[in-house]
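Before any comments, here is the structure.
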Amino acid sequence: MPTQQSRDNSANESAAHDGVSPVAIDNPGAESVGGAGPADPAPDLAALQKKVEDEAALLRDAWLRARADLDNVRKQAATDIARAHKYAIERFALELLPVKDALESTLAAENASADTLRAGVELTLKQVDAAFGKSQIAEIDAAGRKFDPNRHQALAMVDGAEPANTVVQVLQKGYLLNDRVLRPAMVAVAKPKETRE
């Protein structure tokens with residue numbers, strides 16, 4: 001039975017007959033010539049350890065910076081929220097200052113006629129309505145509408161020609177702030193027909 005070395009030799013001889021130069025075949029199991037062994041792995045391990053430690057230090061530094069940034073953002077957000085709560089009505093208060101000025105000047109006027117006072121009150125009411133409009137405060141339109149317990153508060157039930165549970169009279173206006181009820185409208189509601197008799 002031919003050995004591995006004899007097969008390699010015969011392959012080299014046949015290649016030489018064909019005009020092709022022989023090629024050396026690697027034999028992984030063969031020992032190295034001259035007794036030279038593999039390089040010492042210790043310097044590579046030390047370099048790898050140094051590289052890993054440097055990367056770990058960089059990642060820790062980046063993590064600490066990101067954590068500090070996050071803490072700063074949280075503190076700034078808490079400050080902004082506190083400031084928003086504290087000064088939430090600032091714009092509305094600025095809108096009401098002219099109303100106060102108008103009322104004070106009306107009261108300071110001596111010997112004012114009833115017509116002059118009425119005109120002053122009407123002007124003041126227009127200023128209040130303008131301030132309400134800028135602050136998204138709107139009246140609840142209740143008269144003639146079906147009773148809505150979310151927007152109306154029934155104080156009385158009265159006889160009337162309107163269908164049952166219809167608002168017959170508004171006793172005090174209600175107001176909305178951006179579709180949220182500030183104060184429900186105080187209303188009188190039509191009685192159901194069977195209880196009218």
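The values are calculated or read from the model by the stated rules, or taken from the named source; none is laboratory data. Please read these numbers as outputs of a predicted model, since none were measured by experiment. Positions of Cβ are backbone-derived with ideal geometry, glycine not excepted, and every protein chain shown enters the neighbour counts.
Can you pull out the residues in the stretch 157-170 that are assigned to a strand (DSSP E or B) and either at positive phi or exposed (fewer than 13 other Cβ atoms within 10 Å of the Cβ) (or both)? Result: VAL158, single match.
Every test in (1) exposed (fewer than 10 other Cβ atoms within 10 Å of the Cβ); (2) farther than 30 Å from VAL187 by Cβ; (3) not polar (S, T, N, Q) is passed by ARG74 save one, and that test is (1). Quick check: is even one residue across the stretch 85-99 exposed (fewer than 15 other Cβ atoms within 10 Å of the Cβ), at pLDDT below 85 and of a type in the set (Val, Ile, Thr)? Checking the stretch 85-99: at least one residue is exposed (fewer than 15 other Cβ atoms within 10 Å of the Cβ), at pLDDT below 85 and of a type in the set (Val, Ile, Thr). Residues of the stretch 101-120 that are exposed (fewer than 12 other Cβ atoms within 10 Å of the Cβ) and within 45 Å of the chain's Cα centre (by Cα): GLU104 alone. Restricting the stretch 126-156 to residues that are under 32 Å from the mean Cα position of the chain (by Cα), among the hydrophobic types (A, V, I, L, M, F, W, C) and part of a strand (DSSP E or B), the residue that is nearest to LEU96 (Cα to Cα) is ILE137. Scanning the stretch 171-191 for residues that are part of a strand (DSSP E or B) and charged (D, E, K, R), we see that the one that is surrounded by the most Cβ atoms within 10 Å (Cβ to Cβ) is ARG183.
Of all the listed residues (ALA68, ALA15), the sole one being modelled with pLDDT under 95 and of a type in the set (Gly, Ala, Ser) is ALA15.
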